[in-house]
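Q: Sharing a structure here in structure tokens format.
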2 protein chains.
Amino acid sequence: MPPPPRKERADAQRNREAVLAAAEELFGAHGDPERVSMDDIAVAAGVGKGTLFRRFGDRLGLVKALVERRTEQLRADVVAGPPPLGPGAPADARALALLDALLTLKLDTRPLMLALESAGRGSPYDNDTYELWHAELTALLTEARGERDAAFLAHALLAAVRSDLIEHLTTHGTSPDHIRAGVTALTRATLRRP
Amino acid sequence: MPPPPRKERADAQRNREAVLAAAEELFGAHGDPERVSMDDIAVAAGVGKGTLFRRFGDRLGLVKALVERRTEQLRADVVAGPPPLGPGAPADARALALLDALLTLKLDTRPLMLALESAGRGSPYDNDTYELWHAELTALLTEARGERDAAFLAHALLAAVRSDLIEHLTTHGTSPDHIRAGVTALTRATLRRP
DNA sequence: CGACTATACGGACCGCTAGTCCGCTTTCGC
DNA sequence: GCGAAAGCGGACTAGCGGTCCGTATAGTCG
């Protein structure tokens with residue numbers, strides 16, 4: 001067995017935070033995440049491009065790190081928080097709460113989530129966070145309406161809150177409340193026994 | 001009024017077809033549409049890059065032209081074909097038929113549809129064809145379950161058959177029949193009155 | 001049939017991007 | 001302090017979408 005990995009060097013840690021902060025800032029400022037280049041981020045963070053890429057591997061890695069940061073709280077709440085989001089509430093109430101929370105998250109961090117969904121190949125689904133939501137929702141749907149089609153329906157519900165759809169709706173005049181009502185209606189319909 | 005626009009020159013027409021054929025071929029061959037460059041298409045078509053871009057404007061224009069070609073038949077059937085797809089059948093049957101037909105289309109032309117959804121900015125929704133499906137579905141849902149939330153639910157149903165989701169499912173072992181069953185279940189649930 | 005013009009052709013060219021590479025600097029255990 | 005390991009940074013590369021313009025050709029008209 002090799003000795004335990006040495007801890008991160010101080011300068012490395014500082015730079016990592018600087019990059020994350022700069023990236024969050026830049027993605028937040030520009031509406032279109034594709035217009036934020038890795039160069040821009042490196043410059044804004046006061047760091048060389050080499051540093052940026054060594055730390056995060058590629059563009060997708062950076063975006064994933066940012067998203068993970070932003071979803072940490074929600075992940076914790078879903079797995080072990082208070083009802084209705086956390087365990088303890090009935091399945092249908094939990095599903096409604098989860099979808100609503102996801103919608104809120106997407107509305108609050110539109111450009112970042114858009115960046116995730118449009119970075120790299122097949123990204124929207126190759127993603128630990130997505131896996132978690134999907135597993136959780138599948139379990140809730142199974143409990144509420146039976147196992148049949150539960151996995152697909154969970155995908156479908158998550159597809160209904162995809163960032164680019166939310167983006168499209170909000171930029172075409174649909175109000176957040178309207179979207180919220182729609183998501184709730186869809187979730188209710190999906191939860192009912194066939 | 002200016003005189004009617006002169007007709008397309010013969011060489012131009014030949015080249016247009018050559019480009020469309022080459023592009024369809026290349027997108028079909030490669031799994032990942034982003035790995036097919038405009039250069040590749042021009043070379044495969046035996047045509048200069050200038051010709052390619054003059055004709056189609058940009059990458060998105062080319063993909064749109066390709067997709068329009070592929071969806072022509074379905075569009076015609078939905079607007080004026082025989083039931084259950086065309087007018088005449090009850091709204092719920094038409095909605096089920098439409099979703100099923102769309103799923104079949106996506107399964108048959110995966111790489112091409114993937115190319116559409118990942119080409120250019122905000123593309124999946126800025127698209128005449130999408131508008132048509134959405135309008136049609138919204139009308140059917142309104143008829144079946146009332147006006148409330150119909151527009152959003154139509155978006156949600158279409159999101160459930162998005163190419164990248166279909167791609168993800170098929171490459172992770174879900175069979176087409178399984179997906180089909182899921183789409184049907186979702187559509188049925190959505191059609192029911194609240 | 002030959003000449004003339006609008007139209008189209010093609011590939012060199014440009015600007016920009018993600019990602020690499022390696023000589024130099026910094027950190028930190030001893 | 002000191003030396004090796006870890007980290008740094010920015011010049012560099014390859015490849016992309018898209019443009020430009022001198023050249024070639026189709027179609028037309030006398």
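Q: For region A:68-163, what class follows from the C-alpha gyration tensor (a ≥ b ≥ c being the square roots of its eigenvalues): rounded when a/c is under 1.5, otherwise prolate if a/b is larger than b/c, else oblate?
A: Since a/c reaches 1.5 but b/c is at least a/b, the shape of region A:68-163 is classed as oblate.
Q: With each pseudo-label sitting 7 Å past Cα toward Cβ, what's the B:Ala181-A:Gln13 distance in nm, one decimal?
A: About 5.2 nm, to one decimal.
Q: Quick one: ranking A:Glu17, B:Glu147, B:Glu72 by accessible area, 1.4 Å probe, largest first, what do you get? Kindly include the intermediate steps, with their values, before the conclusion.
A: Values: A:Glu17 85, B:Glu147 150, B:Glu72 120 Å².
Result of the area sort, largest leading: B:Glu147, B:Glu72, A:Glu17.
Q: Hey, if you put +1 on the Cβ of every Lys and Arg and -1 on every Asp and Glu Cβ in region B:58-191, which of B:Leu60, B:His134, B:Leu191 ends up farthest toward the positive end of that dipole?
A: Of the candidates, B:Leu60 comes out farthest on the positive side.
Q: Classify region B:65-115 as rounded, prolate or oblate, taking a ≥ b ≥ c as the square roots of the eigenvalues of its Cα gyration tensor: rounded when a/c is under 1.5, otherwise prolate if a/b is larger than b/c and oblate if not. Display every interim value, and only then the final one.
A: Working: a/c = 3.79, a/b = 1.81, b/c = 2.10.
Oblate is the answer for region B:65-115, as a/c is 1.5 or above yet b/c matches or exceeds a/b.
Q: What's the magnitude of the charge dipole for the protein assembly as shown around its Cα centre, counting Lys and Arg as +1 and Asp and Glu as -1 at the beta-carbon? Answer in Debye, nearest 20.
A: Details: 50 positive and 54 negative charges, 20 e Å.
That gives the protein assembly as shown a dipole magnitude of about 100 debye.
Q: At 7 Å along the Cα-to-beta-carbon direction for both A:Glu72 and A:Arg35, put a label point, then send me their distance in nm to one decimal.
A: 3.0
Q: I'd like the orientation of helix B:150-159 relative to chain B: the angle between its Cα long axis and the longest Cα principal axis, in ° from 0 to 90, rounded to 10.
A: 60
Q: Rounded, prolate or oblate: which fits the protein assembly as shown when a ≥ b ≥ c are the square roots of the eigenvalues of the alpha-carbon gyration tensor, with rounded for a/c under 1.5 and prolate only if a/b beats b/c?
A: Values: a/c = 1.97, a/b = 1.10, b/c = 1.79.
Judged from the Cα gyration tensor, the protein assembly as shown comes out oblate (a/c at least 1.5, b/c at or above a/b).
Q: Measure nothing but the geometry: give the 0 to 90° angle between the long axis through the Cα atoms of B:176-191 and the longest principal axis through the Cα atoms of chain B, rounded to 10°.
A: 60
Q: Quick one: with label points 7 Å out along Cα→Cβ, list the inter-copy distances for B:His172 in nm, shortest first?
A: 2.7
Q: Sticking with this one: Which distances, shortest first and in nm, link B:Val43 to the matching position in the other copies, using label points set 7 Å out along Cα to C-beta?
A: Distances to the matching label points in the other copies: 3.3 nm.
Q: With +1 on the Cβ of every Lys and Arg and -1 on the Cβ of every Asp and Glu, and nothing else charged, how large is the dipole of region A:1-57 about its Cα centre, in debye rounded to the nearest 20?
A: That gives region A:1-57 a dipole magnitude of about 480 debye.
Q: Output the 0 to 90 degree angle, nearest 10, between the alpha-carbon long axis of helix A:91-108 and the longest principal axis computed from the alpha carbons of chain A.
A: So the helix axis and the longest Cα principal axis differ by about 40 degrees.
Q: Name the residues whose placed amide hydrogens come within less than 5 Å of the amide hydrogen of B:Ala89, ignoring near sequence neighbours (fewer than 5 apart) on the same chain.
A: none
Q: What are the label-to-label distances in nm, one decimal and shortest first, from A:Asp128 to the same spot in the other copies, with labels 7 Å along Cα to Cβ?
A: Counterpart label points of A:Asp128 in the remaining copies fall at 4.6 nm.
Q: Where nothing but the Cβ of Lys and Arg (+1) and of Asp and Glu (-1) is charged, how large is the charge dipole of chain B around its Cα centre, in debye to the nearest 20? All intermediate terms of the calculation are to be shown ahead of the outcome.
A: On the way: 25 positive and 27 negative charges, 65 e Å.
The dipole of chain B has a size of about 320 debye.
Q: Applying the Karplus parametrisation 6.51 cos²θ - 1.76 cosθ + 1.60 with θ = phi - 60° to the phi angles of region A:64-76, what ³J(HN,Hα) value in whole Hz is obtained for each residue in order, glycine and proline being reported as x?
A: My calculation for region A:64-76 gives 4, 4, 5, 5, 4, 4, 6, 9, 3, 4, 5, 4, 5 Hz in order.
Q: When the helix-only estimate is applied to chain B (DSSP H runs of n ≥ 4, each -39,500 (n - 2.57), divided by the residue count), what is the mean residue ellipticity at 222 nm, nearest 500 deg cm²/dmol? Don't skip to the end; give the middle numbers.
A: Working: 10 runs with 137 residues, N = 194.
Rounded to the nearest 500, the figure is -22500 deg cm²/dmol.
Q: Here's something else I'd like to know. Past the 32 Å Cα-Cα mark, which pairs from A:Lys64/B:Lys49; B:Lys7/B:Lys49; B:Lys49/B:Lys106?
A: Numbers: A:Lys64/B:Lys49 36 Å; B:Lys7/B:Lys49 23 Å; B:Lys49/B:Lys106 29 Å.
Checking Cα-Cα distances, A:Lys64/B:Lys49 exceed 32 Å.
Q: With every protein chain left in place and a probe of 1.4 Å, what is the accessible surface of B:His155, to the nearest 10 Å²?
A: My reading of the accessible area for B:His155 is about 10 Å².
Q: Let me ask something additional. Roughly how many whole Å is it from the C-alpha centroid of region A:149-194 to that of region B:36-63?
A: What the calculation gives is 37 Å, centre to centre.
Q: Taking amide H atoms as placed 1.01 Å from N in the peptide plane, list the residues 5 or more away in sequence, or in a different chain, whose amide H sits under 5 Å from that of B:Gly81.
A: For B:Gly81, whose amide H was placed from the backbone, the distant partners under 5 Å are B:Gly86.
The values are calculated or read from the model by the stated rules, or taken from the named source; none is laboratory data. The shown structure was predicted, so the numbers you read here are calculated from the model rather than taken from an experiment. FYI the Cβ positions are ideal-geometry reconstructions off the backbone, even for glycines, and counts take in every protein chain you see. When the accessible area is computed, the model is the full protein with side chains, heavy atoms only, and any ligands, DNA or RNA have been set aside. Shrake-Rupley method; radii C 1.70, N 1.55, O 1.52, S 1.80 Å.
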